[in-house]
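Student: Mind looking over this structure? Questions follow.
The values are calculated or read from the model by the stated rules, or taken from the named source; none is laboratory data. Quick caveat: nothing in here was measured; it's all calculated off a predicted structure. Here the Cβ is made from the backbone with ideal geometry for all residues, glycine too, and neighbour counts use every protein chain on show. Just so you know, the surface numbers come from the protein's heavy atoms only, side chains and all, with ligands and any DNA or RNA stripped out. Shrake-Rupley method; radii C 1.70, N 1.55, O 1.52, S 1.80 Å.
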Amino acid sequence: MNPGGKVDMAPAANEDATQQIGRIVSVTGSQAIVLLDPHDASKSFQGAASPELGTLLAIRSNGSIVFGMISALSVPIPSHESGSNEMHIVELELLGELPLDEHGEPLSFRRGVSIYPCLGNRARLATREELKHVYSISTTNSAVRIGSLQQERAIPTMVAVDELLGKHFAILGTTGTGKSCVVALIIRAILKENAQAHMVLLDPHNEYSSCFGNQAEVITPDDLNLPFWLMTFEETVEVLIGNKNEQDASILAELIPLAKSYYAAKNTPSTSGRSRLQRRSTDTGIFTVDTPVPYRISDLILLLQEKMGGLDQRSTLAPYKRLKTKLETITQDPRYSFMFGNLTVHDDMVSVLCRLFRIPVNGKPITIIELAGFPSEITNVVVSVLCRMTFDFGLWNEGYVPITLICEEAHRYVPDDTELGFEPTKRAISRIAKEGRKYGVSLGIITQRPAELDATILSQCNTVFAMRMTNEKDQEIVKAAISDAASSLLEFIPSMGDREAIAFGEGLALPGRIRFDALPEHALPKRGAANFSDQWSREITNIDFLESVVARWRASSAPESIAELTTQGNTEDTAVVERNELQTGSQTTQNQKIEHTLENYDRRRSGETQTPASQLPKSQSADYESAANSARNIRIKSPAEALKAREVTSPSDLRKTPESIAD
């Protein structure tokens with residue numbers, strides 16, 4: 001290059017004739033055909049400088065140098081005789097041009113072609129200096145290196161950080177192609193030049209904790225603090241009810257705002273010295289079911305009890321009892337301690353945001369959320385809360401702190417099938433994809449199954465790294481997402497090697513086939529695949545590790561409680577659980593179990609459940625009958641059962657304690 005930063009290029013008459021391979025014989029709007037010179041045909045396909053698929057050719061035209069990428073090579077009329085004078089055709093996709101000034105010096109490269117080559121113009125391999133110029137990133141952008149060009153390994157592949165993150169990106173590829181390594185490579189390259197970044201990485205396989213050393217804040221289920229009151233109503237219903245019972249949900253919708261008001265009334269500090277907006281945010285009269293303010297589960301239970309006190313009929317009491325029992329159970333479940341585990345409830349939303357989004361950074365610009373240890377039934381809720389909070393944080397800080405959310409295994413959370421996934425999670429990620437750039441919230445999507453990912457999400461990613469994919473549906477989805485002239489590059493996708501990708505979009509100067517740089521050994525993600533031949537070559541003599549295996553196994557998959565079975569109402573092994581637990585617990589707890597057992601038995605017999613007793617196998621039907629008989633024979637009876645047995649004669653008797661109406 002000359003001192004002005006322009007590429008030194010000789011006039012057309014002095015171009016190296018050894019680099020010329022043929023002439024233009026056809027030109028259309030976006031394509032051209034080159035007929036290879038006969039005397040160069042064998043050399044061009046066998047020599048070191050032979051053109052290959054994906055190679056960039058240069059064509060000197062009137063006032064510019066046009067660049068085209070080889071998309072096909074063919075011999076229209078092949079011959080059986082070696083060395084015969086065959087016709088060799090090269091098909092090009094025209095990508096862009098270097099305009100020339102009046103002195104023949106090139107200006108800045110630009111995509112698209114305004115001055116097309118003419119028939120007969122000579123085509124040649126692009127020189128190294130031309131490739132540097134074409135694939136360079138403007139100095140006004142903060143660019144980082146992630147690899148090299150497949151055509152010329154000496155040419156680095158640079159990505160513009162602002163374009164890459166500002167307009168979202170996707171990394172696609174089948175299992176085993178190195179997606180996790182590419183994710184770590186790109187993030188490490190960005191963090192090296194942006195030490196005050198704010199990134200959140202959702203890690204479903206707990207594999208990234210070793211990739212960033214001391215730069216990462218790793219959050220596990222054991223040390224995550226995500227208070228339950230940060231959930232929206234939909235998320236709360238998913239955790240507490242799960243089966244979308246509208247009656248139970250309507251009760252929660254009525255009582256949660258009251259519980260929030262009770263907490264605020266007792267804990268709101270003096271309004272002196274506080275801004276009008278701060279006073280309004282804690283005004284006890286404006287809370288909705290979705291307002292992210294604290295409330296106590298104990299207050300919610302008291303409200304349920306108050307409501308139950310004004311009801312007489314068993315059918316109207318049932319949903320309140322279900323909710324109360326579920327609340328009492330889930331708050332004691334160690335698997336949910338990250339939501340309900342705090343002994344006291346206080347407004348720590350600011351500290352939660354600080355830790356999640358690294359404010360201040362304190363040398364750790366990325367937060368890794370390890371999801372593998374969460375209960376399977378609540379993982380979607382956790383992801384929903386994190387994604388929604390990421391968008392809302394960007395919305396309400398008006399882009400003052402840009403955030404990047406990287407979602408591994410994205411097809412789990414935003415599936416294309418409307419029957420799958422958790423709707424609030426899909427809505428939260430979709431909102432980031434569609435509106436996030438307005439508020440400084442960017443999205444990185446990583447998936448091995450693009451065909452199972454919501455097409456709307458993928459279409460919002462303006463930079464794509466497509467690694468090897470063998471599934472035809474996945475390939476079709478990627479091809480449909482490309483509007484660039486170099487779409488023929490995707491024909492390489494089924495046959496590319498590891499660490500290779502077709503990269504295209506706003507974050508790169510030009511589409512191309514690239515090879516990613518290698519990660520240092522200490523920064524590699526944890527390997528998920530076992531080395532069978534190595535590990536099966538030695539005997540395991542120490543079985544002490546099985547103790548921890550069993551402990552983790554039991555902790556992550558604890559059996560459902562009686563309360564959870566009550567909520568579902570149609571679990572077919574409920575009777576067995578009830579029969580085994582009727583004889584345990586305090587009198588109050590015992591009475592609750594008895595009443596539930598008889599109520600569930602009656603519902604089975606009347607056919608109110610999805611599987612009535614008459615349709616159950618004999619063994620399960622006998623279990624229900626046995627459970628009901630056990631309940632009737634227990635000395636302390638519930639008020640409802642006593643009334644059924646004609647041991648009380650008026651509604652006032654229902655207010656008596658179980659002890660006063662015992663046998």
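Student: For residues that are free of Cβ contacts under 8 Å to residues at least 24 places away in the same chain and assigned to a loop (DSSP other than H, G, I, E, B), tally how many sit in region 59-86.
Tutor: Of the residues in that region, 9 qualify.
Student: Does Gly444 fit the bill of being assigned to a loop (DSSP other than H, G, I, E, B) and either small (Gly, Ala, Ser) or in contact with a His (Cβ under 8 Å, 6 or more places away or on another chain) (or both)?
Tutor: no
Student: Condition first: in a helix (DSSP H, G or I), surrounded by 22 or more Cβ atoms within 10 Å (Cβ to Cβ) and within 14 Å of the chain's Cα centre (by Cα). Now tell me which residues in region 447-483 satisfy that.
Tutor: Pro450, Ile457, Leu458
Student: Among the residues that make up region 64-82, is at least one of them closer than 28 Å to Glu193 by Cβ and open to solvent by 10 Å² or more (accessible area, probe 1.4 Å)?
Tutor: Looking for residues that are closer than 28 Å to Glu193 by Cβ and open to solvent by 10 Å² or more (accessible area, probe 1.4 Å), one finds none in region 64-82, hence no.
Student: For region 421-455, how many residues are closer than 12 Å to His411 by Cα and either at pLDDT 95 or above or not small (Gly, Ala, Ser) (or both)?
Tutor: Matching residues across region 421-455 total 13.
Rundown of residues vs (1) within 22 Å of Thr456 (Cα to Cα); (2) open to solvent by 10 Å² or more (accessible area, probe 1.4 Å); (3) not charged (D, E, K, R), yes/no style:
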{"residue": "Glu152", "(1), (2), (3)": "no, yes, no"}
{"residue": "Ala170", "(1), (2), (3)": "yes, no, yes"}
{"residue": "Ala184", "(1), (2), (3)": "no, no, yes"}
{"residue": "Arg188", "(1), (2), (3)": "no, yes, no"}
{"residue": "His198", "(1), (2), (3)": "no, yes, yes"}
{"residue": "Glu207", "(1), (2), (3)": "no, yes, no"}
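Student: Another question, if that's okay. What helices (runs of 4 or more DSSP H) lie completely within region 105-221 and have 3 or more residues being more than 24 Å from the chain's Cα centre (by Cα), at negative phi and touching a residue at least 12 places away in the same chain (Cβ under 8 Å)?
Tutor: In region 105-221, the matching helices (runs of 4 or more DSSP H) lie at 128-135.
Student: Determine if region 456-472 includes at least one residue that is modelled with pLDDT under 85 and in contact with a helix residue (DSSP H, G or I) (Cβ under 9 Å, 6 or more places away or on another chain).
Tutor: Checking region 456-472: not a single residue is modelled with pLDDT under 85 and in contact with a helix residue (DSSP H, G or I) (Cβ under 9 Å, 6 or more places away or on another chain).
Student: For region 101-150, which positions are among the small types (Gly, Ala, Ser), over 15 Å from Ala58 (Cβ atoms) and either open to solvent by 30 Å² or more (accessible area, probe 1.4 Å) or at pLDDT below 85 (or both)?
Tutor: Matches in region 101-150: Ser108, Gly112, Ser114, Gly120, Ser136, Ser138, Ser142, Ala143.
Student: Working only within region 464-479, note down all residues that are under 24 Å from Gly166 (Cβ atoms) and in contact with an Asp or Glu (Cβ under 8 Å, 6 or more places away or on another chain).
Tutor: Met467
Student: Could you please tell me which pairs satisfy a Cβ distance under 6 Å, a separation of 6+ or placement on different chains, a first residue in region 87-100 that is at pLDDT 85 or above, and a second residue that is open to solvent by 20 Å² or more (accessible area, probe 1.4 Å) and of a type in the set (Ser, Thr, Tyr)?
Tutor: Final answer for the pair search is Ile89/Ser74; Glu91/Ser71; Glu93/Ser71; Glu93/Ser488; Leu94/Ser30.
Student: Scan (1) surrounded by fewer than 17 Cβ atoms within 10 Å (Cβ to Cβ); (2) more than 23 Å from the chain's Cα centre (by Cα); (3) farther than 23 Å from Glu408 by Cα for the single condition Gly242 breaks and write down its number.
Tutor: Answer for Gly242: the failing condition is (2).
Student: All but one of (1) at pLDDT 80 or above; (2) touching a Gly at 6+ places or on another chain (Cβ under 9 Å) hold for Asn243; which doesn't?
Tutor: (1)
Student: If you don't mind, another one. Quick one: what pairs do we get from region 249-261, first residue polar (S, T, N, Q), second open to solvent by 10 Å² or more (accessible area, probe 1.4 Å), C-beta under 7 Å, 6+ apart or different chains?
Tutor: If the second residue must be open to solvent by 10 Å² or more (accessible area, probe 1.4 Å), the pairs left are Ser261/Thr284; Ser261/Phe287.
Student: Taking Leu224, is it farther than 16 Å from Asp517 by Cα and open to solvent by less than 10 Å² (accessible area, probe 1.4 Å)? Let's see the steps before the verdict.
Tutor: On the way: farther than 16 Å from Asp517 by Cα: yes; open to solvent by less than 10 Å² (accessible area, probe 1.4 Å): no.
Against the criterion (farther than 16 Å from Asp517 by Cα and open to solvent by less than 10 Å² (accessible area, probe 1.4 Å)), Leu224 does not qualify.
Student: Go through Val383, Val401, Val361 for me and flag whichever is open to solvent by less than 10 Å² (accessible area, probe 1.4 Å), at pLDDT 90 or above and in a loop (DSSP other than H, G, I, E, B).
Tutor: When all the criteria are applied, what remains is Val361.
Student: Could you please tell me which pairs satisfy a Cβ distance under 6 Å, a separation of 6+ or placement on different chains, a first residue in region 501-526 that is under 18 Å from Ser210 (Cα atoms), and a second residue that is open to solvent by 10 Å² or more (accessible area, probe 1.4 Å)?
Tutor: That search, which allows pairs on different chains as well, returns Leu519/Cys181; Leu519/Leu185; Pro525/Ser180; Pro525/Glu207; Lys526/Glu207.
Student: Looking at Ser430, Ser495, Ser442, Ser488, which is the one that is in contact (Cβ under 8 Å) with a residue 12 or more places away in the chain, touching a strand residue (DSSP E or B) at 6+ places or on another chain (Cβ under 8 Å) and more than 24 Å from Gly96 (Cα to Cα)? Walk me through how you get there before you give the answer.
Tutor: On the way: Ser430 fails: touching a strand residue (DSSP E or B) at 6+ places or on another chain (Cβ under 8 Å); Ser495 fails: touching a strand residue (DSSP E or B) at 6+ places or on another chain (Cβ under 8 Å); Ser488 fails: more than 24 Å from Gly96 (Cα to Cα).
After applying the criteria, what remains is Ser442.
Student: I'd like the residue in region 27-51 that is at pLDDT 80 or above and not in a strand (DSSP E or B) and, out of all such residues, is least open to solvent (accessible area, probe 1.4 Å).
Tutor: Asp37
Student: Yes or no: region 294-315 includes at least one residue that is part of a loop (DSSP other than H, G, I, E, B), touching a Phe, Trp or Tyr at 6+ places or on another chain (Cβ under 9 Å), closer than 30 Å to Val401 by Cα and at pLDDT 85 or above.
Tutor: Yes, that holds for at least one residue.
Student: Being touching a residue at least 60 places away in the same chain (Cβ under 8 Å), open to solvent by less than 30 Å² (accessible area, probe 1.4 Å) and more than 24 Å from Pro292 (Cβ to Cβ) is true for just one of Pro319, Pro375, Pro334. Which residue is that?
Tutor: Pro319
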